[in-house]
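K.L.:
Sharing a structure, written as C-alpha coordinates. Questions coming.
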Amino acid sequence: MRRTYNSFNSFSRFVPILLVIIITIVTIVAIISISRSIFGGDEQKQQQETTEQKKSDLLQTDESRAVRLTVRGPIVANEKFRSYQITIAPSSRVMTTYEGYVEKQLNTKQLNNNAKAYEELVYALDKRKMMEGRQLSDEQNDLRGICATGKVYKFELLMNGTSIKALWTSDCSGSKGSAVANVEEIVDMFIKQIPDGSKMATAIGLYQRDTLFKF
(Lines give C-alpha, C1' and ligand atoms only; values in the text may rest on other atoms or scores of the structure.)
Protein backbone atom coordinates (compact mmCIF):
# COMPACT_ATOMS: atom_id res chain seq x y z
CA MET A 1 0.00 0.00 0.00
CA ARG A 2 2.82 2.32 0.88
CA ARG A 3 4.51 1.52 -2.45
CA THR A 4 1.31 2.39 -4.33
CA TYR A 5 1.02 5.64 -2.43
CA ASN A 6 4.64 6.54 -3.14
CA SER A 7 4.14 5.76 -6.83
CA PHE A 8 1.05 7.94 -6.94
CA ASN A 9 2.85 10.69 -5.07
CA SER A 10 5.77 10.56 -7.51
CA PHE A 11 3.38 10.69 -10.45
CA SER A 12 1.54 13.63 -8.91
CA ARG A 13 4.80 15.55 -8.63
CA PHE A 14 5.66 14.70 -12.25
CA VAL A 15 2.35 15.94 -13.70
CA PRO A 16 3.03 19.70 -13.17
CA ILE A 17 6.50 19.31 -14.72
CA LEU A 18 4.98 17.52 -17.72
CA LEU A 19 2.37 20.26 -18.10
CA VAL A 20 5.07 22.95 -17.99
CA ILE A 21 7.05 21.13 -20.70
CA ILE A 22 3.97 20.77 -22.90
CA ILE A 23 2.96 24.41 -22.43
CA THR A 24 6.53 25.53 -23.20
CA ILE A 25 6.63 23.48 -26.43
CA VAL A 26 3.23 24.76 -27.53
CA THR A 27 4.31 28.36 -26.78
CA ILE A 28 7.53 27.99 -28.78
CA VAL A 29 5.68 26.48 -31.74
CA ALA A 30 3.11 29.30 -31.60
CA ILE A 31 5.83 31.98 -31.51
CA ILE A 32 7.64 30.41 -34.47
CA SER A 33 4.41 30.13 -36.43
CA ILE A 34 3.46 33.76 -35.72
CA SER A 35 6.96 34.97 -36.61
CA ARG A 36 6.91 33.13 -39.91
CA SER A 37 3.51 34.58 -40.67
CA ILE A 38 4.63 38.14 -39.91
CA PHE A 39 8.05 38.07 -41.56
CA GLY A 40 6.89 35.85 -44.41
CA GLY A 41 4.11 38.32 -45.13
CA ASP A 42 6.56 41.21 -45.03
CA GLU A 43 8.87 39.38 -47.45
CA GLN A 44 6.00 38.66 -49.82
CA LYS A 45 4.86 42.26 -49.59
CA GLN A 46 8.41 43.48 -50.25
CA GLN A 47 8.71 41.24 -53.33
CA GLN A 48 5.38 42.56 -54.60
CA GLU A 49 6.47 46.16 -54.03
CA THR A 50 9.77 45.44 -55.81
CA THR A 51 7.92 44.03 -58.80
CA GLU A 52 5.62 47.05 -58.89
CA GLN A 53 8.65 49.34 -58.71
CA LYS A 54 10.27 47.54 -61.65
CA LYS A 55 7.11 47.99 -63.67
CA SER A 56 6.91 51.63 -62.67
CA ASP A 57 10.53 52.19 -63.71
CA LEU A 58 9.99 50.43 -67.03
CA LEU A 59 7.01 52.65 -67.87
CA GLN A 60 8.88 55.90 -67.25
CA THR A 61 9.36 57.73 -70.56
CA ASP A 62 11.46 60.78 -69.70
CA GLU A 63 14.70 61.43 -71.59
CA SER A 64 16.86 59.84 -68.89
CA ARG A 65 15.30 56.41 -69.46
CA ALA A 66 16.19 53.58 -71.85
CA VAL A 67 15.87 49.82 -72.26
CA ARG A 68 18.64 47.53 -73.48
CA LEU A 69 18.94 44.00 -74.81
CA THR A 70 22.29 42.21 -74.94
CA VAL A 71 22.66 38.84 -76.67
CA ARG A 72 25.87 36.82 -76.26
CA GLY A 73 26.74 33.83 -78.42
CA PRO A 74 28.40 30.51 -77.49
CA ILE A 75 31.76 30.62 -75.72
CA VAL A 76 34.29 29.91 -78.47
CA ALA A 77 37.66 31.28 -79.66
CA ASN A 78 38.04 35.05 -79.27
CA GLU A 79 38.12 35.50 -83.06
CA LYS A 80 34.77 33.74 -83.46
CA PHE A 81 32.93 35.01 -80.41
CA ARG A 82 29.99 37.29 -81.30
CA SER A 83 27.47 39.44 -79.45
CA TYR A 84 25.12 42.33 -80.09
CA GLN A 85 23.37 45.04 -78.15
CA ILE A 86 20.22 47.06 -78.84
CA THR A 87 19.48 50.19 -76.81
CA ILE A 88 16.18 52.01 -77.20
CA ALA A 89 15.62 55.47 -75.67
CA PRO A 90 12.89 58.09 -76.16
CA SER A 91 15.07 59.93 -78.70
CA SER A 92 17.29 57.20 -80.18
CA ARG A 93 17.61 53.57 -81.27
CA VAL A 94 21.02 51.92 -81.54
CA MET A 95 22.12 48.41 -82.51
CA THR A 96 25.77 47.35 -82.43
CA THR A 97 27.36 44.00 -83.23
CA TYR A 98 30.68 42.90 -81.74
CA GLU A 99 33.54 40.47 -82.27
CA GLY A 100 35.54 38.98 -79.40
CA TYR A 101 35.30 39.23 -75.65
CA VAL A 102 36.58 42.82 -75.54
CA GLU A 103 33.78 43.82 -77.94
CA LYS A 104 35.50 44.96 -81.10
CA GLN A 105 32.77 46.81 -82.99
CA LEU A 106 31.75 45.17 -86.28
CA ASN A 107 28.69 47.13 -87.31
CA THR A 108 26.38 49.73 -85.83
CA LYS A 109 23.16 51.42 -86.80
CA GLN A 110 21.80 54.52 -85.06
CA LEU A 111 18.33 55.93 -85.64
CA ASN A 112 16.16 58.64 -84.18
CA ASN A 113 13.18 57.87 -81.98
CA ASN A 114 10.32 59.78 -80.35
CA ALA A 115 8.60 59.69 -76.99
CA LYS A 116 5.36 58.19 -78.33
CA ALA A 117 7.16 55.31 -80.05
CA TYR A 118 9.19 54.65 -76.90
CA GLU A 119 6.05 54.70 -74.76
CA GLU A 120 4.34 52.12 -76.98
CA LEU A 121 7.43 49.89 -76.83
CA VAL A 122 7.87 49.91 -73.05
CA TYR A 123 4.17 49.32 -72.44
CA ALA A 124 4.32 46.35 -74.82
CA LEU A 125 7.45 45.07 -73.03
CA ASP A 126 5.70 45.48 -69.69
CA LYS A 127 2.73 43.40 -70.88
CA ARG A 128 5.26 40.71 -71.84
CA LYS A 129 6.79 40.85 -68.34
CA MET A 130 10.22 42.00 -69.47
CA MET A 131 11.29 43.16 -66.02
CA GLU A 132 9.54 40.51 -63.93
CA GLY A 133 11.90 37.91 -62.52
CA ARG A 134 13.05 35.72 -59.68
CA GLN A 135 15.49 36.81 -56.98
CA LEU A 136 19.00 35.38 -57.38
CA SER A 137 22.17 35.66 -55.32
CA ASP A 138 25.18 37.64 -56.57
CA GLU A 139 26.91 34.36 -57.38
CA GLN A 140 23.93 33.14 -59.41
CA ASN A 141 23.89 36.44 -61.31
CA ASP A 142 27.53 36.02 -62.38
CA LEU A 143 27.24 35.42 -66.14
CA ARG A 144 30.83 34.31 -66.67
CA GLY A 145 30.83 30.87 -68.29
CA ILE A 146 27.03 30.60 -68.31
CA CYS A 147 25.51 28.48 -71.13
CA ALA A 148 28.77 27.89 -73.01
CA THR A 149 27.02 26.14 -75.91
CA GLY A 150 24.13 28.55 -76.41
CA LYS A 151 23.04 32.17 -76.21
CA VAL A 152 22.68 34.35 -73.12
CA TYR A 153 20.10 37.16 -73.03
CA LYS A 154 20.28 40.19 -70.73
CA PHE A 155 17.43 42.68 -70.26
CA GLU A 156 18.21 46.04 -68.66
CA LEU A 157 16.56 49.24 -67.52
CA LEU A 158 18.79 52.29 -67.87
CA MET A 159 18.71 55.72 -66.29
CA ASN A 160 21.16 58.31 -67.59
CA GLY A 161 23.04 55.52 -69.33
CA THR A 162 23.50 53.45 -66.16
CA SER A 163 21.83 50.09 -65.59
CA ILE A 164 19.43 50.25 -62.65
CA LYS A 165 17.95 46.78 -63.09
CA ALA A 166 19.07 43.70 -65.02
CA LEU A 167 17.55 40.26 -65.61
CA TRP A 168 18.94 37.40 -67.67
CA THR A 169 18.23 33.99 -69.11
CA SER A 170 19.78 31.61 -71.63
CA ASP A 171 19.18 28.83 -74.14
CA CYS A 172 20.47 26.24 -71.67
CA SER A 173 17.87 24.42 -69.60
CA GLY A 174 20.20 24.35 -66.58
CA SER A 175 20.75 28.13 -66.66
CA LYS A 176 17.32 29.74 -66.87
CA GLY A 177 18.47 32.78 -64.89
CA SER A 178 16.33 35.47 -63.30
CA ALA A 179 14.09 36.51 -66.20
CA VAL A 180 10.66 34.89 -66.56
CA ALA A 181 9.52 36.63 -69.75
CA ASN A 182 9.15 34.85 -73.08
CA VAL A 183 12.59 35.47 -74.58
CA GLU A 184 11.42 34.98 -78.17
CA GLU A 185 8.89 37.80 -77.80
CA ILE A 186 11.26 40.23 -76.06
CA VAL A 187 14.11 39.69 -78.54
CA ASP A 188 11.71 39.98 -81.48
CA MET A 189 10.39 43.32 -80.22
CA PHE A 190 13.90 44.75 -79.87
CA ILE A 191 15.02 43.44 -83.27
CA LYS A 192 11.98 45.01 -84.95
CA GLN A 193 12.95 48.42 -83.55
CA ILE A 194 15.89 48.38 -86.00
CA PRO A 195 14.85 48.05 -89.68
CA ASP A 196 17.94 45.97 -90.52
CA GLY A 197 18.10 44.33 -87.10
CA SER A 198 17.46 40.79 -88.27
CA LYS A 199 20.10 41.13 -91.00
CA MET A 200 22.68 42.43 -88.53
CA ALA A 201 21.97 39.58 -86.10
CA THR A 202 22.06 37.02 -88.93
CA ALA A 203 25.40 38.37 -90.15
CA ILE A 204 27.03 37.34 -86.87
CA GLY A 205 25.10 34.08 -86.50
CA LEU A 206 22.85 35.24 -83.67
CA TYR A 207 19.48 35.60 -85.34
CA GLN A 208 16.78 34.33 -83.00
CA ARG A 209 15.55 30.79 -83.62
CA ASP A 210 13.67 28.15 -81.64
CA THR A 211 16.72 27.07 -79.62
CA LEU A 212 15.64 27.98 -76.11
CA PHE A 213 16.24 25.40 -73.37
CA LYS A 214 17.32 22.58 -75.68
CA PHE A 215 20.90 22.15 -74.56
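The values are calculated or read from the model by the stated rules, or taken from the named source; none is laboratory data. Just so it is clear, the structure is predicted and the values come from calculations on it, not from any experiment. Cβ sites come from the backbone with ideal geometry, for glycine too, and all protein chains shown count toward neighbours. The accessibility values were calculated without ligands, DNA or RNA, using every heavy atom of the protein model including side chains. Shrake-Rupley method; radii C 1.70, N 1.55, O 1.52, S 1.80 Å.
K.L.:
Starting from the Cα gyration tensor of region 136-215, take the square roots of the eigenvalues, sort them a ≥ b ≥ c, and report rounded, prolate or oblate (rounded when a/c is under 1.5, otherwise prolate if a/b is larger than b/c, else oblate).
P.N.:
In terms of gyration-tensor shape, oblate.
K.L.:
If you count only protein heavy atoms with a 1.4 Å probe, what accessible area per residue comes out for region 70-215, rounded to a whole Å²?
P.N.:
It amounts to 53 Å² per residue over region 70-215.
K.L.:
Using the per-residue mean of other Cβ atoms lying within 10 Å as a proxy for protection, in what order, highest first, do the peptides 81-90, 164-173 fall? Intermediate results must be reported in sequence, preceding the final value.
P.N.:
Working: 81-90: 21.2, 164-173: 19.5.
Listed from highest to lowest mean packing, they are 81-90, 164-173.
K.L.:
By the gyration tensor of its Cα atoms, with a ≥ b ≥ c the square roots of the eigenvalues, what is the shape of region 68-192: rounded for a/c under 1.5, prolate for a/b over b/c, or oblate?
P.N.:
oblate
K.L.:
Could you compute the net charge surrounding Asn78? Neighbours are other residues with a C-beta less than 10 Å from the C-beta of Asn78; K and R count +1, D and E count -1.
P.N.:
On the way: positive: Lys80, Lys104; negative: Glu79, Glu99.
It works out to a net charge of 0.
K.L.:
With the crude spin-label approximation of a point 7 Å out along Cα→Cβ, what separation in nm comes out for Ser91 versus Leu143?
P.N.:
Once both label points are built, they end up 2.7 nm from each other.
K.L.:
With each label point set 7 Å from Cα along the Cα-Cβ vector, what nm distance links Glu185 and Tyr207?
P.N.:
2.4 nm
K.L.:
Give me the percent of the accessible area of region 127-215 that comes from carbon and sulfur atoms, probe 1.4 Å, all protein chains in place.
P.N.:
46 percent
K.L.:
Highest mean first, how do 182-189, 131-138 rank when packing is the count of other Cβ atoms within 10 Å averaged over residues?
P.N.:
Answer by packing, highest mean first, reads 182-189, 131-138.
K.L.:
Give a residue-ordered list of calculated ³J(HN,Hα) values for region 103-114 (Karplus: 6.51 cos²θ - 1.76 cosθ + 1.60, θ = phi - 60°; whole Hz; x for Gly, Pro).
P.N.:
3J(HN,Hα) across region 103-114, in whole Hz: 6, 6, 5, 9, 8, 8, 9, 10, 10, 6, 9, 9.
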